[in-house]
Amino acid sequence: MMRFSRMTLALLATLAVAPAAFAQDTGNTGTASGKRFAVVGGYALSEPTSNPSIAGTRTQVDGDGAATLSASWYVTDNIAVEAWGAADKFGHRVNTANGKVASVDTQPYALSGQYHFRQADSLVRPFVGLGYYEANTDGEKAEPSGALAGQRIGVETAKGAMATAGVDVNINPTWFARADVRYMQDTTGQPNVALDGVNAGKAELNPVVLGVGLGARF
C-alpha cells in the first residue's frame, strides 16, 4: 500500500502543476484538434488482486513498479487506438505464511480502443478504454531457503481483457500529463503453474495497474 501512496502523491502533484503550465502558455496559438498520433512515457505500479494457490498452499504475490510506454492513433479527436506496454519487467515476490518462496517477472502489453471525452483542447479530458492484453512471464525462480527450493518453476502467459480509465491534463496543444488505471482480467482459464514440469496450480493475478506519465501529440 505504501507504493500506491507514493503514486497518489505524484499524481496529485502532476495534476496541480499542469493547469498552471497550461494557463501560462499564452504564446502558443496552436490546437490539439486534428493531431492524430500521441506517445506517452510513464511509470506504473502493478498490484495483483488475486492470490494463487500453488501445490495446495495459498500464496501472496507482491506488486512492483516499472516504466511504461504507449502509442496512440486518433481516428477522430475522441476515438483512439492505443498500443501500451511495460518498458521493463514487473518483479513479483511470491510469499506464503512462512515467508518468500519464489519470485517471478511479468511484462504486459496490450491493444485497446479508447474514447476521450470533451474537445481536444479542453484542459481536462477523461477517457475510457477496453482491449486485449498478454503478460509475458519469465525469471521464475524458487527461493533457495523456501518450500519450493530446488524445484523448477514454469508459469504460462496470462491473456485476457483489459479495461482502462484515465484522464489527460493539457499543458499546451502538444504536451499533456496523464494518469490512468488499468484492470487486467485473465479470461483464458488462468495460466498454469508447473513445478518440475508437473501442473501445480493456476497463476491468477488479475492485476490493477496505476500509472502516471507525460505525453506528446503530433
**Message:** Can you list residue pairs whose Cβ atoms sit under 6 Å apart, with the first residue in the stretch 196-218 being under 14 Å from residue 60 (Cα atoms) and the second being of a type in the set (Gly, Ala, Ser) and in a loop (DSSP other than H, G, I, E, B)? Count only pairs 6 or more apart in sequence or on different chains.
**Reply:** 204/50; 205/50; 206/50
**Asked** Hey, does the stretch 179-190 have a residue that's touching an Asp or Glu at 6+ places or on another chain (Cβ under 6 Å) and polar (S, T, N, Q)?
**Response** yes
**Asked** Restricting the stretch 63-110 to residues that are among the polar types (S, T, N, Q), modelled with pLDDT of 95 or more and in a loop (DSSP other than H, G, I, E, B), which is surrounded by the fewest Cβ atoms within 10 Å (Cβ to Cβ)?
**Response** 76
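Here's the yes/no breakdown for (1) among the hydrophobic types (A, V, I, L, M, F, W, C); (2) touching a strand residue (DSSP E or B) at 6+ places or on another chain (Cβ under 7 Å); (3) closer than 24 Å to residue 170 by Cα:
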site	(1), (2), (3)
76	no, no, yes
79	yes, yes, yes
96	no, yes, no
114	no, yes, yes
**Prompt:** Out of all the residues in the stretch 33-64, which are small (Gly, Ala, Ser) and within 22 Å of residue 154 (Cα to Cα)?
**Reply:** 46, 50, 53, 55, 56, 63
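One line per residue, one yes/no per condition, for (1) free of Cβ contacts under 8 Å to residues at least 24 places away in the same chain; (2) in contact with a Lys or Arg (Cβ under 7 Å, 6 or more places away or on another chain); (3) farther than 30 Å from residue 151 by Cβ:
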| residue | (1), (2), (3) |
| --- | --- |
| 88 | yes, no, no |
| 92 | no, no, no |
| 107 | no, yes, no |
| 111 | no, no, yes |
| 114 | no, no, yes |
| 119 | no, no, yes |
| 129 | no, no, yes |
| 136 | no, no, no |
**Asked** Hey, among the residues in the stretch 153-163 that are touching a residue at least 40 places away in the same chain (Cβ under 8 Å) and more than 23 Å from residue 114 (Cβ to Cβ), which one's surrounded by the fewest Cβ atoms within 10 Å (Cβ to Cβ)?
**Response** 156
**Prompt:** Which of the following residues is on the phi > 0 side of the Ramachandran plot and not hydroxyl-bearing (Ser, Thr, Tyr): 65, 99?
**Reply:** 99
**Request:** Determine, yes or no, whether residue 194 is at negative phi, assigned to a strand (DSSP E or B), modelled with pLDDT under 95 and over 13 Å from the mean Cα position of the chain (by Cα).
**Result:** yes
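A quick yes/no check of all residues on (1) exposed (fewer than 15 other Cβ atoms within 10 Å of the Cβ); (2) over 20 Å from residue 103 (Cβ atoms); (3) modelled with pLDDT of 90 or more; (4) of a type in the set (A, V, I, L, M):
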residue: 125; (1), (2), (3), (4): no, yes, yes, no
residue: 140; (1), (2), (3), (4): no, no, no, no
residue: 143; (1), (2), (3), (4): no, no, no, no
residue: 151; (1), (2), (3), (4): no, no, no, no
residue: 170; (1), (2), (3), (4): no, yes, yes, no
residue: 180; (1), (2), (3), (4): no, yes, yes, no
residue: 187; (1), (2), (3), (4): yes, yes, no, no
residue: 212; (1), (2), (3), (4): no, yes, yes, yes
**Asked** Just to be sure, is residue 166 surrounded by 18 or more Cβ atoms within 10 Å (Cβ to Cβ), in contact (Cβ under 8 Å) with a residue 40 or more places away in the chain, outside any loop (DSSP other than H, G, I, E, B) and touching a Pro at 6+ places or on another chain (Cβ under 8 Å)?
**Response** yes
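The values are calculated or read from the model by the stated rules, or taken from the named source; none is laboratory data. What you see is a predicted model, and the numbers here were worked out from it, not measured in a lab. All Cβ positions, even for glycine, are placed from backbone atoms using ideal geometry, and neighbour counts span all protein chains on display.
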